[in-house]
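The values are calculated or read from the model by the stated rules, or taken from the named source; none is laboratory data. Only a predicted model underlies this, so the values are computations on that prediction, with no experimental measurement involved. Cβ placement follows ideal geometry from the backbone for every residue including glycine, while neighbour counts extend to all protein chains displayed. Surface accessibility is based on the protein's heavy atoms, side chains included, excluding ligands, DNA and RNA. Shrake-Rupley method; radii C 1.70, N 1.55, O 1.52, S 1.80 Å.
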Amino acid sequence: MEVDGSIPGVALKSNYVMPINKIVVESLDETNMDDLPKKDMALPTVSASTDKAALHPSKPPAYSTTYRDKMSLLAIFYKSVPDGIGLAGIKYAFNPAEVRWRRTFWLLLVSAGFGVLCYQVTDRCIYYSTYPKSLDVSVEYVDELTFPTVAFCNYNSFRLSQIYGTGMDVFFEDMFYTPTTFNMSSYYSNLTAVNMTDLYDDFGHVVATSVFQVRMNQVILPLQNVTRKIFDWGACFVFNDADGSPGFTVRAAGKSYGLEIMLSVEQYEYFLEPRQRNTAGFHVAVYDRGTFPLIEEAGFVVHPGTHTLVGMDMREVTNLEPPHGECKNKTLNYFDYYGHMECRAECQLDFFVNTCGCKVLAELGNARECTAWEYFTCIIPNFCEYKCDVFILDTKCDCPVPCASRNYDPFLSVARYPSNYYSSVLASQYNVDATLFQDNIVLVSIFFRDMSVQKVSQQIAYSFFSLLCDIGGALGLWLGGSILTVFEVFDLFGHSAYVYSRRGTRGS
């Protein structure tokens, strides 16, 4: 059938024939949806189950309020472990994509390494908590050494020739020979009139009759270099005392470069000793110049008829303060520096002042010095050579270890002096009996064995950084981690909790 191209009901002015356009249908993939008329597009229907938030593009999509039921905090943590912690084997042990036997194998390895790690770290932490320390000993050779102070204290306190006929001789004889009938109060007037310093000055041994010769560094010195001083022992002769003089030093070791002193114990002057020290000789204390010793607690003995050689080693000690050590430089009332002996001397002084109302050490404190009555009725009964129960049980001296100290360690050797031949020579020269020299003369040589100083110092054996290094080494050895891995674990916990809390509360 022919189609003339006319449209019914429409009159054409001419014989014009409308051409028929060819319609080309494009595929769906190439169709541009933007070219389609929007009025011809059908609107989608909205069901009741559709989330209302989808109808509001301005609002972000919300997570379901039932998310916690779908994934727990443990699940979030488990899924985050492989990427959150950089440990060897973690990516296999916590990877759900791996086969079970492989995950089990690596989980056992990681668990075993973690167990050994915990044991090693715990052991190191316990060791660090003990604040360990080590002792460092070194020897330093020097060109010059400071010579110490030396005190010589006679075992006898009072000379017979001086005390005889004064009334005090009767007091001592009555006290020692008739103790059961002895009446102390009958001597009250005599004993309250003097103190112990007066008794030592009036009746004690003096430098002029006790010291024969002093030689230092091969040079003979005047006797003025030896002074008399009152200690807890009594009156002592002191060489190189810190009395304002510069003090002596030595530049060479050996017997020829040191102190050589000849003394007499004066046994022919010995009398009854108030402290029952029935010994002939000198008690010698060697201590650092400028310090204050307790003669009762230190020193050694030299006896007559001998030449005693005392070789010394200087030792400087440095201690650690707490918590690694126990040293403490305590402030003292009577000294400008702290030392263990000074602290003990101050403690002794305070003890007797509190007990007897007076001091026995004339050199220390501002308290009144004890009279002879107070000395024999209170000091002596409570002294007991520091072994009486009253002092030990009722008095606690807070005397910590000093943080720094200098000590002189003596090494003694003894030879007979004077020899029999030399004694006979001296006897003929002075027209006396030869036994007089062997019964009274004491020759002492004090010197340095070596021109060196032994330095002993406490060192921190295990510092905090050593602990960190051990922890890091254990992490690297057993788990292939580092210190930062510890922070990764904390970060993983925090991040998992954050994700869990945020996702579980949105949209509610």
>> Can you tell me which of (1) in a strand (DSSP E or B); (2) farther than 22 Å from Thr318 by Cα; (3) among the hydrophobic types (A, V, I, L, M, F, W, C) is the one Phe171 doesn't meet?
In response: (1)
> Can you tell me which residues in segment 121-180 are open to solvent by 20 Å² or more (accessible area, probe 1.4 Å), closer than 30 Å to Asn225 by Cβ, of a type outside the set (Ser, Thr, Tyr) and touching an Asp or Glu at 6+ places or on another chain (Cβ under 7 Å)?
Replying inline: Arg159, Leu160, Gln162
> Would segment 238-245 turn up any residue that is under 30 Å from Ala372 (Cβ atoms), among the hydrophobic types (A, V, I, L, M, F, W, C), assigned to a strand (DSSP E or B) and in contact with a strand residue (DSSP E or B) (Cβ under 7 Å, 6 or more places away or on another chain)?
Replying inline: yes
> Could you count how many residues in segment 403-433 are touching an Asp or Glu at 6+ places or on another chain (Cβ under 9 Å) and touching a residue at least 40 places away in the same chain (Cβ under 8 Å)?
Replying inline: 9
> Of the residues Asp450, Asp433, Asp394, which single one is open to solvent by 50 Å² or more (accessible area, probe 1.4 Å), touching a helix residue (DSSP H, G or I) at 6+ places or on another chain (Cβ under 9 Å), modelled with pLDDT of 85 or more and acidic (Asp, Glu)?
Replying inline: Asp433
>> For the structure I just gave you, tell me whether Ala208 is open to solvent by 40 Å² or more (accessible area, probe 1.4 Å) and of a type in the set (A, V, I, L, M, F, W, C).
In response: yes
